[in-house]
1. Return yes when LEU239 is within 13 Å of the ligand (Cβ to nearest atom) and surrounded by 17 or more Cβ atoms within 10 Å (Cβ to Cβ) and no when it is not.
2. Among the residues of the range 319-333, is there at least one that is in contact with a strand residue (DSSP E or B) (Cβ under 7 Å, 6 or more places away or on another chain), closer than 15 Å to VAL78 by Cα and assigned to a loop (DSSP other than H, G, I, E, B)?
3. Give me the residue from the range 125-146 that is in contact with a helix residue (DSSP H, G or I) (Cβ under 7 Å, 6 or more places away or on another chain) and either under 20 Å from ALA62 (Cα atoms) or in the same structural domain as ALA275 (by TED's automatic domain parsing) (or both) and, out of that set, surrounded by the fewest Cβ atoms within 10 Å (Cβ to Cβ).
4. Taking ARG259, is it of a type outside the set (Gly, Ala, Ser), surrounded by fewer than 14 Cβ atoms within 10 Å (Cβ to Cβ), in a helix (DSSP H, G or I) and at pLDDT 95 or above?
5. For the range 18-32, indicate whether the set of residues that are buried (at least 18 other Cβ atoms within 10 Å of the Cβ), at pLDDT 95 or above, under 25 Å from the mean Cα position of the chain (by Cα) and under 27 Å from ARG165 (Cα atoms) is non-empty.
6. Look through the range 55-88, keep the residues that are part of a loop (DSSP other than H, G, I, E, B) and away from the ligand (no atom under 16 Å from the Cβ), and return whichever of them is nearest to ALA237 (Cα to Cα).
7. Yes or no: the range 153-161 includes at least one residue that is more than 16 Å from the ligand (Cβ to nearest atom), of a type outside the set (Ser, Thr, Tyr) and modelled with pLDDT of 95 or more.
8. Applying the selection to the range 298-330, what residues are closer than 22 Å to PRO184 by Cβ and either surrounded by fewer than 17 Cβ atoms within 10 Å (Cβ to Cβ) or without any contact (Cβ under 8 Å) to a residue 60 or more places away in the chain (or both)?
Amino acid sequence: MAAPSRLGAAEADAVRAAVARVVGSDTWVGGAEVAGFEAAFASYLGTDREVVGCGNGSDALALALGTLHLPAGAAVIVAPDDGGYAAGAARQLGLAVRVMDVDPDTGVPTAATAAAADAPDVAAVVVTHLHGDAVPLSGPGGLDEWRRARGLALVEDCAQAHGLRVDGSHVGLVGDAATFSFYPTKNLGAVGDAGAVVLPGPSAERARRLREHGWGERHRVVLPGGRNSRLDPVQAAVLTARLPFLDDANARRRAVSARYRAVVGLHGDPATTVAHHAVALVDGRDRVATALAERGVATAMHYPWLVTEMPGLAATGSAPAASGRRDRKLSLPCFPGITDAEVDAVVAALEEVVR
Ligand SMILES: Cc1ncc(COP(=O)(O)O)c(C=O)c1O
């Protein structure tokens with residue numbers, strides 16, 4: 001049920017042409033295709049911040065954290081339910097990980113849940129706009145106000161939130177850096193792995209060095225903590241080709257999730273979502289999943305494990321509200337290429353199973 005094989009004809013043609021253009025060129029690493037996508041995506045986001053392409057969304061998180069000049073051994077507060085990507089990046093940089101819980105009603109972190117996870121060694125917060133649902137950050141008493149008062153850096157993980165706008169502005173521009181994954185099933189997807197960091201000029205310069213070994217000039221490492229995580233020009237060309245289709249694709253995702261929302265409670269606010277996932281909240285989740293499978297509806301869990309339940313992440317803290325919601329979350333089929341008949345079938349199955 002993954003989206004890439006269901007592209008419309010015009011988008012598929014644009015993708016094929018993009019790949020052929022790079023294959024026929026003499027630049028297979030870096031070059032104009034990468035710079036072109038970075039400029040196009042910055043323009044789409046409506047920001048004078050810079051887009052720094054990289055190999056994937058996980059590296060984007062590590063690069064973003066690497067620009068923040070965090071003290072050695074500092075801790076980062078992360079969401080408890082985001083699949084562990086932010087925590088994994090923090091651990092790679094030798095940072096400690098603490099989880100913040102979510103609000104039990106809305107399912108997203110708040111200033112209060114972040115403050116409850118705070119400790120003297122905390123130097124940064126990573127907020128994840130999970131499932132394509134915006135985490136409210138701005139405004140009085142908001143998470144951004146709290147972290148500024150506390151002197152903490154903020155990274156927004158937008159891997160599931162391409163094209164998501166709050167009050168007319170794209171998410172990802174409130175914090176010190178935003179990260180994106182362009183994994184093929186993301187709202188904006190490449191034909192393989194790809195990612196990007198979005199950040200202000202001086203930090204962007206540092207991210208550009210860190211993504212290429214920490215080089216100051218070619219073959220001369222000047223920054224510690226570098227890696228090889230360049231954005232591939234084939235992926236850059238494909239992303240440039242697909243960008244004009246993103247808003248329509250998101251509209252389709254929202255329309256599909258609205259059909260489900262009429263039948264079953266969904267995570268998130270319909271006013272601020274790009275429906276990366278359509279996550280139903282149901283009692284007896286495993287029973288519901290089995291009953292839907294018997295009716296031919298494939299579902300998924302995003303994500304089965306909390307960050308605190310993954311031994312490799314060594315995270316501290318507890319998140320009882322996130323744990324309770326995790327047990328009720330069930331992701332329904334939601335991608336731009338899904339047909340109306342398939343959506344009708346999911347709705348009919350839901351009506352039988354959850355009503
Ligand atoms: C919320 C979130 N953050 C980070 C990532 C990592 O992105 P990638 O798979 O491109 O490394 C993903 C991808 O699955 C994600 O969903």
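The values are calculated or read from the model by the stated rules, or taken from the named source; none is laboratory data. These numbers were taken from a predicted model, which means no experiment stands behind them. In this analysis, Cβ positions are derived from the backbone assuming ideal geometry, glycine residues included, and neighbour counts consider all displayed protein chains.
1. On the way: within 13 Å of the ligand (Cβ to nearest atom): yes; surrounded by 17 or more Cβ atoms within 10 Å (Cβ to Cβ): yes.
It is true that LEU239 is within 13 Å of the ligand (Cβ to nearest atom) and surrounded by 17 or more Cβ atoms within 10 Å (Cβ to Cβ).
2. yes
3. Taking the candidates together, the pick is THR128.
4. Values: of a type outside the set (Gly, Ala, Ser): yes; surrounded by fewer than 14 Cβ atoms within 10 Å (Cβ to Cβ): no; in a helix (DSSP H, G or I): yes; at pLDDT 95 or above: yes.
Criteria not met by ARG259.
5. Taking the range 18-32 and keeping what is buried (at least 18 other Cβ atoms within 10 Å of the Cβ), we get 18, 22.
Filter again for at pLDDT 95 or above, leaving 18, 22.
Right, trim to under 25 Å from the mean Cα position of the chain (by Cα) and you get 18.
Now narrow it down to the ones that are under 27 Å from ARG165 (Cα atoms): none.
There is no residue in the range 18-32 that is buried (at least 18 other Cβ atoms within 10 Å of the Cβ), at pLDDT 95 or above, under 25 Å from the mean Cα position of the chain (by Cα) and under 27 Å from ARG165 (Cα atoms).
6. Taking the range 55-88 as the starting set, the residues that turn out to be part of a loop (DSSP other than H, G, I, E, B) are 55-56, 67-74, 79-84.
Among the residues that remain, those that are also away from the ligand (no atom under 16 Å from the Cβ) are: 67-74.
On the way: THR67: 26, LEU68: 29, HIS69: 32, LEU70: 34, PRO71: 37, ALA72: 38, GLY73: 39, ALA74: 38 Å.
Ranking the qualifying residues of the range 55-88, first place goes to THR67.
7. Within the range 153-161, one or more residues are more than 16 Å from the ligand (Cβ to nearest atom), of a type outside the set (Ser, Thr, Tyr) and modelled with pLDDT of 95 or more.
8. ALA298, THR299, ALA300, MET301, PRO304
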